[in-house]
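What follows is a short report on a single structure.
The values are calculated or read from the model by the stated rules, or taken from the named source; none is laboratory data. These numbers come from a predicted model, not from an experiment. Every residue, glycine as well, gets a Cβ built from its backbone with ideal geometry; the counts of neighbours run over all protein chains shown.
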Amino acid sequence: MNKKRDLEKLNSIIEKIRKGVNLDGGDLELVKIEENYIHIKFKGRCATCHTLPHMVMNLENKLKSEFPEIKGIKLS
């Protein structure tokens, strides 16, 4: 997952999700990719939202479907 095209695709997926969370007063940031884990930081209202585990699971499933080598998401 170190190819430029893969990183662009990953950023595109995250940007689409970011637009939705921005509407609810939150934000998210791609912190790093390490050992096939995507490190994400949720900010604003998303950081304390009761639906955060569900959102992370959905994001993880989407990313794994696009990038099978991804092991999961870790929150930073």
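Yes/no per residue for (1) loosely packed, with under 12 Cβ neighbours inside 10 Å; (2) more than 24 Å from K4 (Cα to Cα); (3) of a type outside the set (S, T, Y); (4) touching a strand residue (DSSP E or B) at 6+ places or on another chain (Cβ under 9 Å):
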{"residue": "I17", "(1), (2), (3), (4)": "no, no, yes, yes"}
{"residue": "D24", "(1), (2), (3), (4)": "no, yes, yes, yes"}
{"residue": "E34", "(1), (2), (3), (4)": "yes, no, yes, yes"}
{"residue": "H39", "(1), (2), (3), (4)": "no, no, yes, yes"}
{"residue": "C46", "(1), (2), (3), (4)": "no, yes, yes, yes"}
{"residue": "M55", "(1), (2), (3), (4)": "no, yes, yes, yes"}
{"residue": "K64", "(1), (2), (3), (4)": "no, no, yes, yes"}
{"residue": "F67", "(1), (2), (3), (4)": "no, no, yes, yes"}
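Among the residues of region 1-55, the ones that are closer than 16 Å to S76 by Cβ and acidic (D, E) come to 4 in all. Annotation note: Cβ proximity below 6 Å between a residue of region 27-49 that is over 26 Å from E69 (Cβ atoms) and a residue that is exposed (fewer than 14 other Cβ atoms within 10 Å of the Cβ) and acidic (D, E) (sequence gap 6+ or interchain) occurs for R45/D24. The single condition among (1) surrounded by 13 or more Cβ atoms within 10 Å (Cβ to Cβ); (2) modelled with pLDDT under 90; (3) out of contact with any strand residue (DSSP E or B) (no Cβ under 9 Å at 6 or more places or on another chain) that I13 does not meet is (2).
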